[in-house]
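First, the structure itself, so that you have it in front of you.
The values are calculated or read from the model by the stated rules, or taken from the named source; none is laboratory data. Model, not experiment: these values are computed from the prediction. Backbone-built Cβ (ideal geometry, glycine too); neighbour counts: all protein chains shown.
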Amino acid sequence: MAISVQIPTALRQYAGNRDTVELDGNTVGEVLGRLSETYPELKTHLFNDNGSLRNFVNVYVNDDDIRYLRKNETEVRDGDVITIVPAVAGGGASGENTAARVKGESQDGVTLSKEEIERYSRHLIIPEVAVTGQKKLKNSSVLVIGTGGLGSPVSLYLAAAGIGKIGLVDFDVVDYTNLQRQIIHTTADVGRPKLDSAREGIQEINPYVEVETYETYLSSDNAMGILEPYDVVIDGTDNFPTRYLVNDACVLLGKPNAYGSIFRFEGQASVFWAEKGPCYRCLYPEPPPPGLVPSCAEGGVLGILRGMIGVVQANEAVKLILGIGEPLIGRLLLYNALNMSFRELKLQKDPECPICGQNPTVDKLIDYQQFCGIGTEEDTVHLEPDELIRAEELKALLESGKPITIIDVREPHEYEICHLPDAILIPPNEVEKRVGELDRDAHIVAHCRVGPRSAQAVKFLREAGFKKVQNLVGGIIAWSDEVDPSMPKY
Ligand SMILES: [Zn+2]
């Protein structure tokens, strides 16, 4: 027997691709110390320079957060399970008598037509919903932020359930890569604004729903105004700045936030409602630095997983409106689609939370791009103009017969989807150790999917003394757009 440490998907690449590591130790600190000795690359992802756990990494022993036990000194015994729960990009329970309900929930003056009674009949015969509950749903409003992989199933089920008003925030256009999971949009919708196809999808299911659309990027300037009229907010975002923005606006407005997030095969869900329990910042006071946690566009996601988590969010919204059951307040649901396992971790309100704690330091919305370190110097590798090459220039060079070494700085499974002829595959984490395979005097062009990973490689090779290394601007996607439309895009 030993202590099992569960490694989340996002960090497995630094732990020999293992999902569980068995180690010995008497305290959490000892076990994690041994873990980072065994996997040195993992260390920088778990600990900061002072050796303390990073703020966007939470550690649980069995179901309890070690911040509320004895932190690193928390004792562990044979058979205990230590779970590492990092923030994922890509969102105190009570019984029925004290169930959390949204403010202003009522059914005064609301009537159901004969058609509506028939439509909702399977709700009406559940005693916990009944006519009273259905009228509450009709009199309620839910704001869905993002009509992507989470927002799609959420909106469809909320529409079917008879929510009176659904607000949708998005500014994107449907593309082919969306269709694997964003089920409110169809093949015929490719190229259309997502808000148009989402509105139609909702109204085809239920014409009694009022749909309000906001074709905008949610920002600190508009968030309070957009969220204010709604009873429940659904966080269907896929990036950290918007996630913190939604959290903070909900805390400041006193709104419940049905949160969900996903990565590859793992999902998280909770209800953050600062008046009744913890908020997202209580769970993760700070976002991870840019680039540390891959987005779904970079890391991929199982489409169906979005549905699983989105349906949990929709279910929580309906419970909050009806005031029934035990909402996911103070609980973090972890779902693993490969094992088909659900786990639940306890969440506590952090008295030191900067926005919902006892002495909050955040009393208005801030600059979330800056808070998440996006747009600052360190997240983008700066390359000089002579270190960049456009797809058409590369094509001309190749056609001229000049010798060029192309290195493909992506993962093997991406190479399998599409690659340039004669490109040498060198995944990002192998660039350093395979540097000896390359000729320092050769003209090298590096590329990845859209550019950032190969930019790192270009910088590294230049610093290692290579004479002429260039980054393909826009990566293989630009090659497909500008040179060879037969190259598949993903
Ligand atoms: Zn908080």
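Any idea which of GLY323, GLY310, GLY300 is closer than 26 Å to LYS138 by Cβ and within 14 Å of the chain's Cα centre (by Cα)? Step through it out loud before you land on a result.
On the way: GLY323 fails: within 14 Å of the chain's Cα centre (by Cα); GLY300 fails: closer than 26 Å to LYS138 by Cβ.
Answer to the check: GLY310.
Being crowded, with 16+ Cβ neighbours inside 10 Å, of a type in the set (A, V, I, L, M) and part of a helix (DSSP H, G or I) is the requirement here; does ALA188 meet it? Lay out the reasoning, then the answer.
On the way: crowded, with 16+ Cβ neighbours inside 10 Å: no; of a type in the set (A, V, I, L, M): yes; part of a helix (DSSP H, G or I): yes.
Answer is no for this residue.
Just one of VAL61, VAL81 is on the phi < 0 side of the Ramachandran plot, modelled with pLDDT of 90 or more and either in contact with a His (Cβ under 8 Å, 6 or more places away or on another chain) or surrounded by fewer than 18 Cβ atoms within 10 Å (Cβ to Cβ) (or both); which is it?
The conditions single out VAL81.
Also: When only residues in segment 224-240 that are more than 14 Å from VAL142 (Cα to Cα) and crowded, with 24+ Cβ neighbours inside 10 Å count, which is nearest to the ligand (Cβ to nearest atom)?
Here the answer is PHE240.
Do any helices (runs of 4 or more DSSP H) lying entirely in segment 1-82 carry at least 2 residues that are within 25 Å of the chain's Cα centre (by Cα) and among the charged types (D, E, K, R), and which ones are they?
Details: elements: 9-12, 28-38, 40-46.
Here the list reads 40-46.
OK, next. For LEU322, only one of the following conditions fails: (1) closer than 22 Å to ASN62 by Cβ; (2) surrounded by 18 or more Cβ atoms within 10 Å (Cβ to Cβ). What is its number?
Here LEU322 clears every test but (1).
Filter segment 347-399 down to the residues that are part of a loop (DSSP other than H, G, I, E, B) and of a type in the set (S, T, N, Q), then identify the one that is modelled with the lowest pLDDT. Break it down stepwise before answering.
Within segment 347-399, the first condition is being part of a loop (DSSP other than H, G, I, E, B), and the residues that meet it are 347-367, 372-376, 380-384, 390.
If we keep only those that are of a type in the set (S, T, N, Q) too, we end up with 348, 358-359, 361, 376, 380.
On the way: GLN348: 93, GLN358: 94, ASN359: 94, THR361: 94, THR376: 46, THR380: 64.
Selected residue: THR376.
Over 17 Å from the mean Cα position of the chain (by Cα) and on the phi > 0 side of the Ramachandran plot: which single residue out of GLY191, GLY164, GLY201 fits that description? So that I can check it myself, show each step before the final result.
Values: GLY164 fails: on the phi > 0 side of the Ramachandran plot; GLY201 fails: on the phi > 0 side of the Ramachandran plot.
Result of the check over GLY191, GLY164, GLY201: GLY191.
Let me ask something else. Among the residues of segment 338-366, how many are within 22 Å of the chain's Cα centre (by Cα) and more than 9 Å from the ligand (Cβ to nearest atom)?
Within segment 338-366, residues that are within 22 Å of the chain's Cα centre (by Cα) and more than 9 Å from the ligand (Cβ to nearest atom) number 13.
Would you mind stating whether VAL409 is within 27 Å of the chain's Cα centre (by Cα), surrounded by 18 or more Cβ atoms within 10 Å (Cβ to Cβ) and either within 16 Å of the ligand (Cβ to nearest atom) or not assigned by TED's automatic domain parsing to the domain that holds LEU283 (or both)? It would help to see each step written out before you state the result.
Numbers: within 27 Å of the chain's Cα centre (by Cα): yes; surrounded by 18 or more Cβ atoms within 10 Å (Cβ to Cβ): yes; either within 16 Å of the ligand (Cβ to nearest atom) or not assigned by TED's automatic domain parsing to the domain that holds LEU283 (or both): yes.
So VAL409 fits the description; yes.
Take THR74 and decide whether it is of a type in the set (S, T, N, Q) and modelled with pLDDT of 90 or more.
Numbers: of a type in the set (S, T, N, Q): yes; modelled with pLDDT of 90 or more: yes.
Yes.
Among (1) at pLDDT below 95; (2) within 13 Å of the ligand (Cβ to nearest atom), there is one condition CYS279 misses while meeting the rest; what is its number?
(1) is the only condition that CYS279 fails.
Name every residue in segment 103-147 that is of a type in the set (Asp, Glu) and either closer than 23 Å to LEU227 by Cα or not in a helix (DSSP H, G or I) (or both), in order of residue number.
Residues satisfying the conditions are GLU105, ASP108, GLU128.
Here's another thing I want to ask about it. For segment 463-490, give me each residue that is crowded, with 17+ Cβ neighbours inside 10 Å and touching a strand residue (DSSP E or B) at 6+ places or on another chain (Cβ under 8 Å).
PHE466, VAL469, GLN470, ASN471, LEU472, VAL473, GLY475, ILE476, ALA478, TRP479
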